[in-house]
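Single-structure report; data block below.
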Amino acid sequence: MAMLLAIHSFYRDAENKLAREQRKLSRMVKGSNNYKKQRVKVARVHEKIANKRKDFLHKTSRKIANSYDVVCVEDLNMKAMSKTLKFGKSVHDNGWGMFVNMLEYKLLEMGKFLVKTDKFFPSTKQCSSCGAKKEMPLSLRTYECPHCGLKIDRDLNAALNLKQYGVNQLRYP
């Protein structure tokens with residue numbers, strides 16, 4: 001069974017407040033007492049964003065670890081994604097690496113398994129039915145196989161491919 005992770009955008013939610021506090025800071029005289037106080041306020045906003053993200057990731061990883069014996073995830077290069085796909089803030093805001101680390105240690109504590117695919121595994125480009133591969137631009141949301149005629153949601157196809165990869169890795173390590 002595939003479980004998609006809905007990432008909340010904590011940075012974007014606090015972006016206006018953070019911008020306001022940083023604007024106030026930029027208008028102050030460096031080194032003054034008010035500058036020091038304002039710097040602390042800006043740091044608190046950053047800390048609050050980080051704490052909300054960590055809390056969400058801890059709760060989500062715990063929920064997944066309690067529900068499943070084997071979890072398969074893609075080992076994604078988030079830095080490259082943020083640069084090439086023009087999703088910079090969104091990619092940096094989701095804390096994917098932190099989430100995978102949390103999930104990994106929670107699963108290991110419980111004697112369960114985490115299977116990571118390699119960075120170049122074609123989860124979205126490969127047909128989950130017949131294994132044929134084709135190019136898939138991000139604009140296409142439905143995977144249509146030219147060989148077997150399968151029509152399926154892009155994300156569901158990727159999830160099925162990840163599941164099969166995980167089963168194969170556990171069967172033949």
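Just so you know, all these numbers are worked out from the coordinates, no wet-lab data involved. Please read these numbers as outputs of a predicted model, since none were measured by experiment. FYI the Cβ positions are ideal-geometry reconstructions off the backbone, even for glycines, and counts take in every protein chain you see.
Taking the empirical scaling 2.2 N^0.38 Å for compact globular proteins as reference, the chain has a Cα radius of gyration ratio of 1.33. Taking a straight Cα-Cα cut-off under 29 Å and skipping sequence neighbours fewer than 8 places away in the same chain, the lysines within cross-link reach of Lys112 are Lys52, Lys54, Lys59, Lys63, Lys79, Lys125, Lys163. Highest mean first, the peptides 15-21, 72-78 sorted by other C-beta atoms within 10 Å per residue fall in the order 72-78, 15-21. For the chain, the relative contact order is 21 percent, taking Cα pairs closer than 8 Å that sit 6 or more residues apart in sequence and dividing their mean separation by the residue count. Subtracting the Cα-Cα distance of Ala50 and Gln164 from 0.36 nm times their residue separation leaves 37.6 nm of extension gain. Ordered by the number of other Cβ atoms lying within 10 Å of each residue's own Cβ, fewest first, Arg154, Arg12 fall into the sequence Arg12, Arg154. Using the charge dipole of the chain (Lys, Arg: +1 at Cβ; Asp, Glu: -1 at Cβ; taken about the Cα centre), state which of Met102, Gln164, Leu25 has its Cα farthest towards the positive end. After comparing all options, I get Leu25.
Residues whose amide H lies under 5 Å from that of Cys72, counting only those 5 or more places away or on a different chain, are Val115; hydrogens are built 1.01 Å from N in the peptide plane. Across every pair of different alpha-carbon atoms, what Kirkwood hydrodynamic radius in Å does region 121-173 reach? Over region 121-173, the inverse of the mean reciprocal pair distance is 11.2 Å.
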